[in-house]
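Here's the structure we're looking at; comments come further down.
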Amino acid sequence: MKNIKTEIKWAAIFIGMALLWMWLERIAGLHDVHIDKHALYTNFFAIPATIVVVFALLDKRRNDYNGIMSYKQSFISGAIITLIITLFNPVSQYIISHFITPDYFDNAIKYAVNAGEMTRPEAEEYFNLKSYIMQGFVGTPVMGLVTTAIVSIFVKRKTK
């Protein structure tokens, strides 16, 4: 691949969108007063995440491949975007947990224990920055590559 400027641009857009999503979750109370609904509503992040991937791969096809892109080229582009997002996961998680929603882990621990979902030690082990960074290093590539594999089916184009 001759140029990854497009992938860098869309990875930055994705990270910005993810940070905005976390801020909106906090504003909506999903990190404190409505934390009981967080597990459900946070899944809706898949919608804007998929839209960003679609726009990224369409941009790549249009501007870097002159409107013609194979499935392989599309998948590689999405994989590069996913890799960049994954590498910046610790920074994103730090920003989220220290600036956007610094009380989230404490609130999540209290909720999980009070709801009987976890013991306090289990909740403390799960809801912390280190754990979320590790989850991001596993979950981000899995979800990114699955999304890329599916979206690539629809954005590939053999002829103009």
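The values are calculated or read from the model by the stated rules, or taken from the named source; none is laboratory data. Only a predicted model underlies this, so the values are computations on that prediction, with no experimental measurement involved. As a convention, Cβ positions derive from the backbone with ideal geometry for all residues, glycine included, and neighbour counts pool all protein chains shown.
From Val155, Val113, grab the single residue that is more than 23 Å from Asn89 (Cβ to Cβ) and touching a residue at least 12 places away in the same chain (Cβ under 8 Å).
So the residue among Val155, Val113 that is more than 23 Å from Asn89 (Cβ to Cβ) and touching a residue at least 12 places away in the same chain (Cβ under 8 Å) is Val155.
Pull up segment 1-43, narrow it to residues that are charged (D, E, K, R) and in a helix (DSSP H, G or I), then point me to the one that is surrounded by the most Cβ atoms within 10 Å (Cβ to Cβ).
Once the filter is applied, the top-ranked residue is Glu7.
Return the residues of segment 90-106 that are under 18 Å from Asp32 (Cβ atoms) and either of a type outside the set (Val, Ile, Thr) or in a helix (DSSP H, G or I) (or both); say none if nothing qualifies.
Passing the criteria: Ile96, Ser97, His98, Phe99, Ile100, Pro102, Asp103, Tyr104, Phe105, Asp106.
Which one of Ile153, Ile109 is assigned to a helix (DSSP H, G or I) and surrounded by 17 or more Cβ atoms within 10 Å (Cβ to Cβ)?
Residue meeting the stated conditions: Ile109.
What is the one condition in (1) farther than 19 Å from Ile133 by Cβ; (2) over 13 Å from the mean Cα position of the chain (by Cα); (3) aromatic (Phe, Trp, Tyr) that Phe99 does not satisfy?
Result: Phe99 fails condition (1) only.
If you take the residues of segment 47-66 that are under 17 Å from the mean Cα position of the chain (by Cα) and without any contact (Cβ under 8 Å) to a residue 12 or more places away in the chain, which of them is surrounded by the most Cβ atoms within 10 Å (Cβ to Cβ)?
Checking each candidate, the answer is Ile51.
For the condition in a helix (DSSP H, G or I) and in contact with a helix residue (DSSP H, G or I) (Cβ under 7 Å, 6 or more places away or on another chain), what is the one hit in Ile76, Ile80?
Ile80
Restricting to segment 119-144, and then to whatever is in contact with a Ser or Thr (Cβ under 6 Å, 6 or more places away or on another chain) and either surrounded by fewer than 16 Cβ atoms within 10 Å (Cβ to Cβ) or small (Gly, Ala, Ser) (or both), can you tell me which residue is nearest to Lys60 (Cα to Cα)?
Gly144
Does segment 121-150 hold any residues that are closer than 20 Å to Asn43 by Cβ and assigned to a loop (DSSP other than H, G, I, E, B), and which are they?
Phe127
Taking segment 40-68 as the search range and keeping residues that are over 15 Å from Thr140 (Cα atoms) and among the aromatic types (Phe, Trp, Tyr), which one is modelled with the lowest pLDDT?
Tyr65
Sort out which residues of segment 44-69 are outside any helix (DSSP H, G or I) and farther than 13 Å from Val151 by Cβ, and write them in order of number.
Answer for segment 44-69, where residues must be outside any helix (DSSP H, G or I) and farther than 13 Å from Val151 by Cβ: Tyr65, Asn66, Gly67, Ile68.
Here are some conditions: (1) closer than 10 Å to Val155 by Cα; (2) touching a residue at least 60 places away in the same chain (Cβ under 8 Å); (3) surrounded by fewer than 20 Cβ atoms within 10 Å (Cβ to Cβ). Met69 meets all but one. Which one does it not meet?
For Met69, the failing item is (3).
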